[in-house]
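Here is the structure we will look at.
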Amino acid sequence: MLFSRRNLIQIIWPLIVQQTLNVTIGMIDSMMVSSAGEAAVSGVSLVGSLDILLIYAFSSLVTGGSIVVSQFFGKKDMVLVRNSAKQLLYVATSVATFVTIVVLIITSIRNKKEN
């Protein structure tokens, strides 16, 4: 057997907690604005969907990168491990910075139109 039952539980438990917290935060956000009306609840749900999309995109990026790093680690090629980890960090940071800049630009344009 490759993994024991205990090892699988140790691996899966954080994933279950993360998903539970994601759902709980979405429900709490909706409950907090429920008294503000339907438009507010719809807005929170829409933003929640985008939030989940970004979480899954970054999770996929990190998962793919960690697979590459672990393969090089298994080959005991520490130079490629460090290079792959650095590249993963640079790509994740670049994507996050790009998304942040796009959101800030859109927010700025929207605020100018409202004023």
Residue-by-residue Karplus 3J(HN,Hα) for the range 100-115, coefficients 6.51, -1.76, 1.60, Hz, glycine and proline x
4, 5, 4, 5, 5, 5, 4, 5, 5, 5, 5, 5, 5, 5, 6, 7
Karplus couplings for the range 55-65 from phi (6.51 cos²θ - 1.76 cosθ + 1.60, θ = phi - 60°), rounded to Hz, Gly and Pro as x?
4, 5, 5, 5, 4, 5, 4, 5, 5, x, x
Sites Leu50 and Thr93, calculated FRET efficiency, Cβ-Cβ separation with R0 22 Å, nearest 0.05
0.65
Using θ = phi - 60° and the Karplus form 6.51 cos²θ - 1.76 cosθ + 1.60, what ³J(HN,Hα) does each residue of the range 7-21 get, whole Hz, x for Gly and Pro?
4, 5, 5, 5, 7, 7, 3, x, 5, 5, 4, 4, 5, 5, 5
Could you work out the per residue convex hull volume over the alpha carbons of the chain, in cubic angstrom?
122 Å³
When the accessible area of the range 1-89 is split by element with a 1.4 Å probe, what percent falls to carbon and sulfur?
71 percent
Filter the trypsin sites (Lys or Arg not before Pro) in the range 13-115 down to the DSSP loop ones having no more than 12 other Cβ atoms within 10 Å, then list what survives.
Lys75, Lys76
Mind checking the per residue accessible area of the chain for me, 1.4 Å probe, whole number of Å²?
83 Å²
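The values are calculated or read from the model by the stated rules, or taken from the named source; none is laboratory data. Keep in mind that this is a model prediction, so the values were computed, not measured. As a convention, Cβ positions derive from the backbone with ideal geometry for all residues, glycine included, and neighbour counts pool all protein chains shown. Side chains are part of the model used for accessible areas, which takes the heavy atoms of the whole protein and leaves out ligands, DNA and RNA. Shrake-Rupley method; radii C 1.70, N 1.55, O 1.52, S 1.80 Å.
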